[in-house]
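Throughout, read-outs are computed from the coordinates displayed, never taken from laboratory work. Predicted model only: the values in this text are computed from it and were never measured. Cβ: placed from backbone, ideal geometry, glycine included. Neighbour counts: every protein chain shown.
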Amino acid sequence: MQPSPMKIMIDQKQLQNVEYFKYLSSMITNDALCTCAIKSIISMAGAVFSKKHALFTRKLDLNLRKKQVKCYIWSIALYGAETWTLPKVDLKYRKIFEVWCRRRMERRSFGPIV
């Protein structure tokens, strides 16, 4: 059984009920799950990583590159994370993104993850 939608009135006008919307780079859903927000934020961080790929794969010391990724990419990927509820299903997206970044940063092959 699905609960009836809320009716919120402002100046005698009813607000429209939606399934999701983006607010300050966070995806808000009507079911209060974070999966959509996590995927959205991680895709933005992945786009930034790809755009600045040369910065993170140069012949700099690996520890310096890790610090750069932590500073530039993880600050984006974890934006709003303090409000996420992370069941195991959603936690895997963060782990997959971490492995994706690390493999590209270390210039490893992109075969299947074992």
- Item | J(HN,Hα) series, region 62-73, from Karplus relation 6.51 cos²θ - 1.76 cosθ + 1.60, nearest Hz, glycine and proline x | 4, 5, 5, 5, 4, 5, 5, 5, 4, 6, 8, 8
- How large is ³J(HN,Hα), in whole Hz, for each residue of region 39-53 in order, when computed from phi with the Karplus curve 6.51 cos²θ - 1.76 cosθ + 1.60 and θ = phi - 60°, using x for Gly and Pro? 4, 5, 5, 5, 5, 5, 5, x, 5, 5, 4, 5, 5, 9, 3
- Message: Need one number: nm distance between label points at Arg107 and Gln68, each 7 Å from Cα along Cα→Cβ, rounded to one decimal.
- Response: 1.2
- Item | Cα-centre dipole for region 9-53 with unit charges at Cβ (Lys and Arg positive, Asp and Glu negative), debye to 20 | 320
- Task: Would you calculate a helix-derived [θ] at 222 nm for the chain, using -39,500 (n - 2.57) for each DSSP H run of n ≥ 4 and dividing by the full residue count, to the nearest 500?
- Result: -14500 deg cm²/dmol
- Item | Tail weight of P(r) past 21 Å, computed on alpha-carbon pairs of region 35-114, percent | 29
- Note on the structure: For region 34-105, the count of lysine pairs 8 or more apart or interchain whose alpha-carbon atoms are under 21 Å apart comes to 22
- Message: Just want the answer: with Cβ charges of +1 for Lys and Arg and -1 for Asp and Glu, which residue in Gln14, Pro87, Ser43 is farthest toward the dipole's positive end in the chain?
- Response: Ser43
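What FRET efficiency would be calculated for the residue pair Asn30, Lys59, taking the C-beta separation as r and a Förster radius of 35 Å, to the nearest 0.05?
E between Asn30 and Lys59, to the nearest 0.05, is 0.15.
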- Evaluate the charge dipole of the chain about its Cα centre and quote only its size in Debye, nearest 20, assuming +1 on the Cβ of each Lys and Arg and -1 on the Cβ of each Asp and Glu. 900
